[in-house]
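Contents: one structure, followed by commentary.
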Amino acid sequence: MLAEVYARVGPRLYRYALAILGSPADAEEIVQDLFVTLAETDAARWPAQVDHYLIRSARNAAIRRLQGARRRLALLKAEAPALVPREASDPSLQDFAAKASRALGELPVEQKEAVALHLFENMSFKEIGEALEISQDTVASRYRYGIGKLKEVLADERP
Amino acid sequence: MSVPDLEARLRRLKLAEPPDALEGRMLAAAASMGRLRRRFRMALAAMAASMLLAVTAGRLSGAGTSVPAARPAPSVPSEILAIDPALARRAELLAWIAPMPAPSFRATHDALRKLSQGELP
(Lines give C-alpha, C1' and ligand atoms only; values in the text may rest on other atoms or scores of the structure.)
Protein backbone atom coordinates (compact mmCIF):
# COMPACT_ATOMS: atom_id res chain seq x y z
CA MET A 1 0.00 0.00 0.00
CA LEU A 2 2.89 2.33 0.74
CA ALA A 3 4.28 1.66 -2.72
CA GLU A 4 0.91 2.56 -4.23
CA VAL A 5 0.87 5.88 -2.42
CA TYR A 6 4.43 6.58 -3.52
CA ALA A 7 3.61 5.78 -7.12
CA ARG A 8 0.63 8.10 -6.97
CA VAL A 9 2.09 11.07 -5.17
CA GLY A 10 5.78 10.48 -4.42
CA PRO A 11 7.26 12.11 -7.53
CA ARG A 12 4.89 15.06 -7.16
CA LEU A 13 6.03 15.52 -3.55
CA TYR A 14 9.64 15.48 -4.69
CA ARG A 15 9.04 18.04 -7.44
CA TYR A 16 7.07 20.22 -5.02
CA ALA A 17 9.81 20.07 -2.37
CA LEU A 18 12.39 20.77 -5.07
CA ALA A 19 10.46 23.83 -6.24
CA ILE A 20 10.44 25.19 -2.70
CA LEU A 21 13.98 24.30 -1.70
CA GLY A 22 15.87 24.24 -4.98
CA SER A 23 17.96 21.38 -3.63
CA PRO A 24 17.55 17.83 -5.01
CA ALA A 25 19.23 16.31 -1.95
CA ASP A 26 16.95 18.11 0.48
CA ALA A 27 13.90 17.24 -1.59
CA GLU A 28 14.88 13.55 -1.59
CA GLU A 29 15.42 13.57 2.15
CA ILE A 30 12.06 15.19 2.85
CA VAL A 31 10.19 12.69 0.69
CA GLN A 32 12.01 9.72 2.19
CA ASP A 33 11.37 10.92 5.74
CA LEU A 34 7.68 11.48 5.00
CA PHE A 35 7.17 7.98 3.69
CA VAL A 36 9.14 6.34 6.46
CA THR A 37 6.96 8.20 8.95
CA LEU A 38 3.88 7.04 7.06
CA ALA A 39 5.18 3.48 7.18
CA GLU A 40 5.37 3.68 10.97
CA THR A 41 1.60 4.26 11.11
CA ASP A 42 -0.90 1.50 10.49
CA ALA A 43 -2.52 2.06 7.11
CA ALA A 44 -5.95 1.93 8.77
CA ARG A 45 -5.01 5.09 10.66
CA TRP A 46 -3.74 7.09 7.70
CA PRO A 47 -5.60 10.35 7.05
CA ALA A 48 -8.58 9.98 4.73
CA GLN A 49 -6.95 12.35 2.25
CA VAL A 50 -3.45 10.97 2.57
CA ASP A 51 -2.23 12.69 -0.61
CA HIS A 52 -3.23 16.11 0.71
CA TYR A 53 -1.78 15.28 4.10
CA LEU A 54 1.55 14.43 2.46
CA ILE A 55 1.59 17.65 0.48
CA ARG A 56 1.00 19.67 3.64
CA SER A 57 3.65 17.68 5.50
CA ALA A 58 6.15 18.20 2.68
CA ARG A 59 5.41 21.91 2.77
CA ASN A 60 5.94 22.12 6.52
CA ALA A 61 9.17 20.16 6.32
CA ALA A 62 10.48 22.30 3.45
CA ILE A 63 9.63 25.53 5.23
CA ARG A 64 11.41 24.34 8.38
CA ARG A 65 14.50 23.81 6.27
CA LEU A 66 14.22 27.25 4.79
CA GLN A 67 14.13 28.88 8.20
CA GLY A 68 17.82 28.34 8.88
CA ALA A 69 19.71 31.46 7.83
CA ARG A 70 22.66 29.47 6.62
CA ARG A 71 20.37 27.31 4.56
CA ARG A 72 18.91 30.35 2.87
CA LEU A 73 22.35 31.40 1.71
CA ALA A 74 23.10 27.92 0.37
CA LEU A 75 19.82 27.77 -1.46
CA LEU A 76 20.63 30.92 -3.38
CA LYS A 77 23.18 28.79 -5.17
CA ALA A 78 20.95 25.85 -6.05
CA GLU A 79 22.74 22.58 -6.67
CA ALA A 80 20.85 22.00 -9.87
CA PRO A 81 18.05 23.82 -11.69
CA ALA A 82 14.66 22.82 -10.39
CA LEU A 83 13.25 23.36 -13.88
CA VAL A 84 14.38 21.38 -16.91
CA PRO A 85 13.22 21.34 -20.54
CA ARG A 86 10.36 18.99 -21.29
CA GLU A 87 12.12 18.11 -24.51
CA ALA A 88 15.55 17.04 -23.36
CA SER A 89 16.78 17.25 -26.92
CA ASP A 90 16.20 21.02 -27.07
CA PRO A 91 19.44 22.63 -25.83
CA SER A 92 18.10 26.13 -26.44
CA LEU A 93 15.85 25.66 -23.44
CA GLN A 94 18.66 24.84 -21.03
CA ASP A 95 19.62 28.45 -20.45
CA PHE A 96 16.02 29.54 -20.09
CA ALA A 97 15.42 26.67 -17.65
CA ALA A 98 18.33 27.82 -15.50
CA LYS A 99 17.11 31.41 -15.43
CA ALA A 100 13.52 30.38 -14.77
CA SER A 101 14.74 28.14 -11.92
CA ARG A 102 16.58 31.03 -10.33
CA ALA A 103 13.60 33.32 -10.73
CA LEU A 104 11.27 30.69 -9.24
CA GLY A 105 13.70 30.17 -6.37
CA GLU A 106 13.59 33.83 -5.45
CA LEU A 107 9.82 33.96 -5.05
CA PRO A 108 8.31 33.85 -1.56
CA VAL A 109 7.34 30.31 -0.59
CA GLU A 110 3.60 30.90 -0.91
CA GLN A 111 3.92 32.20 -4.46
CA LYS A 112 6.51 29.61 -5.41
CA GLU A 113 4.31 26.70 -4.38
CA ALA A 114 1.24 28.13 -6.10
CA VAL A 115 3.17 28.47 -9.35
CA ALA A 116 4.78 25.04 -9.01
CA LEU A 117 1.57 23.19 -8.23
CA HIS A 118 -0.64 25.03 -10.74
CA LEU A 119 1.67 25.61 -13.67
CA PHE A 120 3.93 22.59 -13.44
CA GLU A 121 1.82 20.02 -11.57
CA ASN A 122 -1.43 20.99 -13.33
CA MET A 123 -3.38 21.16 -10.10
CA SER A 124 -6.39 23.45 -10.11
CA PHE A 125 -6.61 26.30 -7.62
CA LYS A 126 -9.39 24.35 -5.92
CA GLU A 127 -7.22 21.22 -5.60
CA ILE A 128 -4.31 23.25 -4.27
CA GLY A 129 -6.57 24.97 -1.78
CA GLU A 130 -7.89 21.64 -0.53
CA ALA A 131 -4.40 20.19 -0.18
CA LEU A 132 -3.01 23.20 1.66
CA GLU A 133 -6.24 23.96 3.54
CA ILE A 134 -6.55 27.49 2.22
CA SER A 135 -9.16 29.11 0.01
CA GLN A 136 -8.81 28.78 -3.73
CA ASP A 137 -9.03 32.58 -3.96
CA THR A 138 -5.91 32.79 -1.83
CA VAL A 139 -4.18 30.30 -4.10
CA ALA A 140 -5.20 32.26 -7.18
CA SER A 141 -3.95 35.48 -5.66
CA ARG A 142 -0.59 33.97 -4.75
CA TYR A 143 -0.27 32.51 -8.22
CA ARG A 144 -0.99 35.87 -9.86
CA TYR A 145 1.64 37.61 -7.76
CA GLY A 146 4.13 34.86 -8.46
CA ILE A 147 3.60 34.86 -12.20
CA GLY A 148 3.75 38.67 -12.16
CA LYS A 149 7.20 38.58 -10.55
CA LEU A 150 8.42 35.91 -12.94
CA LYS A 151 7.23 38.06 -15.81
CA GLU A 152 9.31 40.99 -14.57
CA VAL A 153 12.44 38.86 -14.36
CA LEU A 154 12.01 36.78 -17.48
CA ALA A 155 10.36 39.32 -19.79
CA ASP A 156 13.48 39.77 -21.87
CA GLU A 157 14.44 36.13 -21.99
CA ARG A 158 14.06 34.09 -25.12
CA PRO A 159 13.39 30.39 -24.53
CA MET B 1 5.06 39.80 -22.97
CA SER B 2 1.68 38.81 -21.67
CA VAL B 3 1.09 36.40 -18.82
CA PRO B 4 -0.31 33.74 -21.21
CA ASP B 5 2.88 34.08 -23.29
CA LEU B 6 5.02 33.59 -20.20
CA GLU B 7 2.93 30.64 -19.07
CA ALA B 8 3.29 29.06 -22.50
CA ARG B 9 7.06 29.51 -22.35
CA LEU B 10 7.26 28.11 -18.85
CA ARG B 11 5.13 25.11 -19.84
CA ARG B 12 7.96 24.08 -22.15
CA LEU B 13 9.77 23.34 -18.91
CA LYS B 14 8.93 20.97 -16.13
CA LEU B 15 10.07 20.36 -12.58
CA ALA B 16 12.89 17.81 -12.39
CA GLU B 17 11.92 14.22 -11.60
CA PRO B 18 13.17 12.35 -8.54
CA PRO B 19 15.98 9.86 -9.07
CA ASP B 20 14.86 6.27 -9.67
CA ALA B 21 16.72 5.15 -6.57
CA LEU B 22 14.55 7.25 -4.26
CA GLU B 23 11.63 4.85 -4.38
CA GLY B 24 13.89 1.88 -3.62
CA ARG B 25 15.56 3.63 -0.71
CA MET B 26 12.22 4.74 0.70
CA LEU B 27 10.71 1.25 0.55
CA ALA B 28 13.83 -0.29 2.09
CA ALA B 29 13.75 2.21 4.95
CA ALA B 30 10.03 1.64 5.51
CA ALA B 31 10.51 -2.14 5.46
CA SER B 32 13.27 -1.86 8.06
CA MET B 33 11.00 0.14 10.33
CA GLY B 34 8.25 -2.45 9.90
CA ARG B 35 10.57 -5.30 10.84
CA LEU B 36 11.83 -3.42 13.88
CA ARG B 37 8.28 -2.70 15.02
CA ARG B 38 7.31 -6.36 14.68
CA ARG B 39 10.37 -7.49 16.65
CA PHE B 40 9.66 -5.01 19.40
CA ARG B 41 6.02 -6.12 19.67
CA MET B 42 7.10 -9.75 19.94
CA ALA B 43 9.64 -8.84 22.58
CA LEU B 44 7.05 -6.93 24.58
CA ALA B 45 4.68 -9.90 24.48
CA ALA B 46 7.44 -12.18 25.70
CA MET B 47 8.33 -9.74 28.44
CA ALA B 48 4.72 -9.53 29.62
CA ALA B 49 4.40 -13.31 29.71
CA SER B 50 7.63 -13.60 31.64
CA MET B 51 6.57 -11.02 34.20
CA LEU B 52 3.16 -12.63 34.61
CA LEU B 53 4.76 -16.00 35.29
CA ALA B 54 7.12 -14.45 37.80
CA VAL B 55 4.37 -12.72 39.72
CA THR B 56 2.09 -15.76 39.56
CA ALA B 57 4.87 -17.95 40.90
CA GLY B 58 5.36 -15.47 43.72
CA ARG B 59 1.64 -15.50 44.53
CA LEU B 60 1.48 -19.31 44.67
CA SER B 61 4.48 -19.48 46.95
CA GLY B 62 2.91 -16.92 49.29
CA ALA B 63 -0.70 -18.15 49.13
CA GLY B 64 -3.06 -16.34 51.53
CA THR B 65 -0.85 -13.28 51.94
CA SER B 66 -1.18 -10.03 50.10
CA VAL B 67 2.50 -9.80 49.25
CA PRO B 68 4.24 -12.63 47.42
CA ALA B 69 6.87 -14.20 49.59
CA ALA B 70 9.27 -14.77 46.76
CA ARG B 71 9.53 -13.14 43.38
CA PRO B 72 12.01 -14.55 40.98
CA ALA B 73 13.50 -11.95 38.69
CA PRO B 74 11.70 -11.78 35.36
CA SER B 75 13.93 -12.61 32.48
CA VAL B 76 14.45 -10.02 29.83
CA PRO B 77 13.89 -11.49 26.38
CA SER B 78 16.97 -11.38 24.24
CA GLU B 79 15.01 -9.55 21.54
CA ILE B 80 14.64 -6.52 23.81
CA LEU B 81 18.27 -6.72 24.84
CA ALA B 82 19.22 -6.74 21.17
CA ILE B 83 17.09 -3.70 20.39
CA ASP B 84 17.86 -1.55 23.40
CA PRO B 85 19.94 -2.99 26.25
CA ALA B 86 19.53 0.13 28.41
CA LEU B 87 15.76 0.04 28.05
CA ALA B 88 15.72 -3.66 28.84
CA ARG B 89 17.69 -3.18 32.05
CA ARG B 90 15.38 -0.40 33.18
CA ALA B 91 12.34 -2.53 32.37
CA GLU B 92 13.78 -5.29 34.51
CA LEU B 93 14.26 -2.85 37.36
CA LEU B 94 10.69 -1.64 36.93
CA ALA B 95 9.40 -5.19 37.28
CA TRP B 96 11.03 -5.38 40.71
CA ILE B 97 10.03 -1.91 41.87
CA ALA B 98 6.43 -1.93 40.70
CA PRO B 99 5.01 -5.45 40.55
CA MET B 100 1.71 -5.62 38.74
CA PRO B 101 -1.03 -7.95 40.02
CA ALA B 102 -1.81 -9.12 36.52
CA PRO B 103 0.58 -7.52 34.07
CA SER B 104 -1.12 -7.26 30.74
CA PHE B 105 0.55 -6.76 27.41
CA ARG B 106 -0.92 -3.26 27.30
CA ALA B 107 0.35 -2.39 30.79
CA THR B 108 3.80 -3.68 29.96
CA HIS B 109 3.85 -1.79 26.66
CA ASP B 110 2.79 1.44 28.37
CA ALA B 111 5.37 1.01 31.10
CA LEU B 112 8.14 0.45 28.61
CA ARG B 113 6.99 3.40 26.54
CA LYS B 114 7.13 5.65 29.58
CA LEU B 115 10.54 4.33 30.42
CA SER B 116 11.83 5.08 26.94
CA GLN B 117 10.46 8.62 27.21
CA GLY B 118 11.98 9.15 30.64
CA GLU B 119 8.62 9.49 32.33
CA LEU B 120 9.43 6.94 35.04
CA PRO B 121 12.44 6.78 37.31
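The values are calculated or read from the model by the stated rules, or taken from the named source; none is laboratory data. Only a predicted model underlies this, so the values are computations on that prediction, with no experimental measurement involved. Every residue, glycine among them, receives a Cβ derived from its backbone with ideal geometry; neighbour counts consider all protein chains shown. All accessible areas refer to the heavy atoms of the entire protein, side chains included, with ligands and DNA or RNA removed. Shrake-Rupley method; radii C 1.70, N 1.55, O 1.52, S 1.80 Å.
For the chain pair A and B, the buried solvent-accessible surface (1.4 Å probe, both sides summed) amounts to about 3300 Å². Each 5 Å bin from zero up to the one holding the largest Cα-Cα distance in the stretch A:1-126 carries the following percent of pairs: 2, 10, 20, 23, 18, 14, 8, 4, 1, 0.
Derived scalar couplings between HN and Hα for the stretch A:45-57 equal 9, 5, x, 4, 9, 5, 4, 5, 4, 5, 5, 4, 5 Hz in order, rounded to whole Hz, by the Karplus curve 6.51 cos²θ - 1.76 cosθ + 1.60 (θ = phi - 60°), x for Gly and Pro. To put it simply, the accessible area of the stretch A:22-146 at a 1.4 Å probe is 49 percent carbon and sulfur.
Local charge for A:F35 was computed over the other residues whose Cβ lies under 14 Å away, with Lys and Arg +1 and Asp and Glu -1, and equals -4. Take every Cα pair under 8 Å whose residues are at least 6 apart in sequence, average their separation, divide by the length of chain A, and the relative contact order is 24 percent.
Other residues with beta-carbon under 15 Å from the beta-carbon of A:A88 carry, at +1 per Lys or Arg and -1 per Asp or Glu, a net charge of -1.
How much net charge surrounds A:L54 when only the other residues with a Cβ under 12 Å from the Cβ of A:L54 are counted, with Lys and Arg +1 and Asp and Glu -1? List each step's numbers first, then the result.
Working: positive: A:R8, A:R12, A:R56, A:R59; negative: A:D33, A:D51.
Cβ neighbours under 12 Å give a net charge of +2.
Mean residue ellipticity, 222 nm, helices only, chain A: the sum of -39500 (n - 2.57) across DSSP H runs of n ≥ 4, divided by residue count and rounded to 500, is -22000 deg cm²/dmol.
Legend: residues in the stretch A:18-53 shielded by at least 40 square angstrom of accessible surface upon adding the remaining protein chains to the isolated chain (1.4 Å probe, heavy atoms) are A:E28, A:Q32, A:V36, A:A39, A:E40.
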